[in-house]
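Since every read-out is calculated from the coordinates, none of them should be taken as a lab result. As the structure is a prediction and not an experimental result, all values here were calculated from the model. For neighbour counting, all protein chains shown are included, and Cβ atoms are generated from backbone atoms with ideal geometry for every residue, glycine included.
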């Protein structure tokens, strides 16, 4: 390629040519040669394509190891699935100066992860925000390692981050450079908490040691640092909506909606088996529930033998995994109609509970 006329073109001309490509083709073109990589990662080009439609991807979280090897660690990657092209992709995280980076969430092209400090022989977790496409990163103010072990981390499009446990919570805004700490005062450990607009939502078990009873709690972000007031959301019209699901989880939906996902009980008995997996949708404006999706019986047969399954996703896509299945079940409503299909070719050994999050690939700058 050294004799190619393309090397004689001005950078501005090359930027205009490549800016006509979809974001997916731009990402692929960067790996063609060092010259393309330099042109397609320059600040001026990234600014030019900043309004391109994002890549709507499903990212997998790497499995946790209790005692990871400190030497000869394998290269770190973010494995993602493109449901629109039915293809797996891999983004390198080798630009991060951390051991065993563990991505767990994303918002508007930015990926949030825990990473071990390379300067310490002990586990010293740092909370990091990065963009795998621009290979930029920023370390958030230091937290104790206990927060990484016991806290649920929530992020949203306003560069807000929350680490939430049953007893306490930390809140960080992109406009500040420190964490706000306060008591959470929840009745039990929050399950699958999510941030939607200016509120936090979480499921809490208010039942007994012998029988779970799940309820939905919410709190305004503006009140968390003052009154710590959590409100139990319930209406008489809801009836037994929380009793028909086994091990419910919350997933952020489209707009001002949240999804509640769980196994549909065949009866109200204590150890009732499930007949399928149900997706319910709550409109936060009207506080009305409706059924968004129901897993087909043939697909659910693969989950019947598993004692538990994992749920992750967001918007109009929700993924399900269980041990010994070796693939993901995907509910996809992006085309306006809920469709169910399998995602094959899972990275790794294909035997385990996969966890993940939705990732919008963008050339977003760091806050």
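Treating r as the C-beta distance of residue 213 and residue 95 and R0 as 45 Å, the FRET efficiency rounds to 0.45. Kirkwood's formula applied to the C-alpha pairs of segment 5-48 gives a hydrodynamic radius of 10.4 angstrom. Highest mean first, the peptides 205-217, 272-284 sorted by other C-beta atoms within 10 Å per residue fall in the order 272-284, 205-217.
Considering every alpha-carbon pair of the chain, the percent of pairs per 10 Å bin, from zero through the bin containing the longest distance, is 5, 22, 30, 26, 12, 4, 1, 0. Based on DSSP H segments of at least four residues, each scored -39500 (n - 2.57), the chain has a per-residue ellipticity at 222 nm of -3000 deg cm²/dmol. Within segment 152-261, all pairs of alpha-carbon atoms sorted by distance into 5 Å bins from zero give the percentages 2, 11, 22, 25, 19, 12, 6, 2, 1, 0.
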